[in-house]
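So the structure is just underneath, and the comments pick up after that.
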Amino acid sequence: MLNSNLLRKLDMQDLMVFVAVYEQSSVTDVSETLFVSQSTVSYSLKKLRTSFEDDLFINTRAGMRPTYKASTMYGHVQKILESINLCHAGAQTFDPTQKAVTFNLCAPEYFEQLILPRLLKHFDHADLPVIVNVQKLETEIPVEALRDGRLDLVICFGPHFHREHKDLRTQMLLEDDLVCVFDKRAAPREPAFSLQSFVARRHVFPTPWTSDTNMIDGWLARQAQKRQVIARANSYSAALKMIAGTDFIVTLPRRVQQLLAVEPPFGHCEAPNGLPGFTLDMQWNDASEQETANAWFREQVVQAAASCKLEAARDAQTSLAT
């Protein structure tokens, strides 16, 4: 906000006149430099004097001499004009072809299985020198690492699985739901697990992100139910190996099931009615919002997630057609 309403009457030309008069000390020279009439220069000086409540320049034999206030203003007005020029030029667009760049992420296995391979293939085909380092997501969002720049992005599950932070921006990448996967020789008789048959089975629990709680057991607790988890795996692939040749089941995101468990010996069916789905979200530091490299990388992640959704839609249409 401005300290005085008088300042609202100024425009860029007035500020240019101020700098030019300060540097050239001559109204005639300023009019030639700025390609305006001497009366225009005089009018701008009148507006400046009124707005800043000071003579600013005193006409002497040696030319226009700046007052003390004009001398203190000069550097500030220069910076205003420089800032306006920067705004007009805009931020320099990030060009990933110019030099190698590394992005550090914190993300669950879900991201590594579905989106990261698409990103890396795109970078490879475009011959972009981009390196992506991923560390495993823990119970809480690594806020301090985002704030101090050690991490560029955090990919996490939602909604409301993690504590919210006002200085972090969030964007949803995609939505998914859960299905039950089993060895085909131990397939259930029904096309979907009932709540009772679901908790009656023994479960292998993949931990694609580190947490003491998860969406399945939280939902079961709200139904006054509990399942028996006989093993915890560090990855989806390891969990699938554990259920082969047994009657164990593993509950996977549908997109992961379609990627990793479509071939024998595995089968799948719908999860109990009411088991909620989830979102995959992207979070970043508000301070890095305008950083061109960070903005470019976020765009690549969004595009890779969009291609994942598009492929799933095509697969669904193909399945309906057959």
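What to note about this one:
- Every listed requirement among (1) at pLDDT below 95; (2) outside any helix (DSSP H, G or I); (3) of a type in the set (Ser, Thr, Tyr) is met by Thr246 save one, (1).
- Where a residue in the range 95-123 is farther than 19 Å from Ala305 by Cβ and free of Cβ contacts under 8 Å to residues at least 40 places away in the same chain and its partner, wherever it lies, is surrounded by fewer than 16 Cβ atoms within 10 Å (Cβ to Cβ) and of a type in the set (A, V, I, L, M), with Cβ under 6 Å and at least six apart: Thr102/Ile131
- Residue in the range 106-116 that is of a type in the set (Phe, Trp, Tyr), at pLDDT 90 or above and under 30 Å from Ala293 (Cβ atoms) present: yes
- Scanning the range 253-281 for residues that are assigned to a loop (DSSP other than H, G, I, E, B), touching a residue at least 24 places away in the same chain (Cβ under 8 Å) and surrounded by fewer than 18 Cβ atoms within 10 Å (Cβ to Cβ) returns Pro264, Pro265, Asn273, Gly274, Pro276, Gly277.
- Scanning the range 287-299 for residues that are closer than 19 Å to Val181 by Cβ and either at pLDDT below 95 or touching a strand residue (DSSP E or B) at 6+ places or on another chain (Cβ under 7 Å) (or both) turns up nothing.
- Failed item in (1) surrounded by 14 or more Cβ atoms within 10 Å (Cβ to Cβ); (2) farther than 15 Å from Val301 by Cβ; (3) in contact (Cβ under 8 Å) with a residue 40 or more places away in the chain, with Pro159 passing the rest: (1)
Residue-wise test of (1) surrounded by fewer than 16 Cβ atoms within 10 Å (Cβ to Cβ); (2) in the same structural domain as Ala107 (by TED's automatic domain parsing).
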| site | (1), (2) |
| --- | --- |
| Leu168 | no, yes |
| Arg185 | yes, no |
| Ala192 | yes, no |
| Val199 | no, no |
| Val204 | no, no |
| Met215 | no, no |
| Gly218 | yes, no |
| Gln223 | yes, no |
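- For the range 180-217, residues that are modelled with pLDDT under 95, touching a Phe, Trp or Tyr at 6+ places or on another chain (Cβ under 7 Å) and assigned to a strand (DSSP E or B) total 1.
- Subset of the range 289-311 that is under 19 Å from Ala107 (Cα atoms) and among the β-branched types (Val, Ile, Thr) - its residue that is surrounded by the most Cβ atoms within 10 Å (Cβ to Cβ): Val301
- Among residues of the range 218-243 being of a type outside the set (A, V, I, L, M) and not in a loop (DSSP other than H, G, I, E, B), the one that is modelled with the lowest pLDDT is Gly218.
- Residue match in the range 176-192 (condition: over 24 Å from Glu263 (Cα atoms) and in contact (Cβ under 8 Å) with a residue 40 or more places away in the chain): no
- Filter pass, Lys309 being at pLDDT 95 or above and either part of a helix (DSSP H, G or I) or outside the structural domain of Leu105 (by TED's automatic domain parsing) (or both): no
- Residue ID - surrounded by the most Cβ atoms within 10 Å (Cβ to Cβ), chosen from residues in the range 114-134 that are of a type outside the set (A, V, I, L, M, F, W, C) and in a helix (DSSP H, G or I): Arg118
The values are calculated or read from the model by the stated rules, or taken from the named source; none is laboratory data. Computed from a prediction, not measured in an experiment: that's the story for all the values here. Methodologically, a virtual Cβ is constructed for each residue, glycine included, from the backbone with ideal geometry; neighbour enumeration extends over all protein chains shown.
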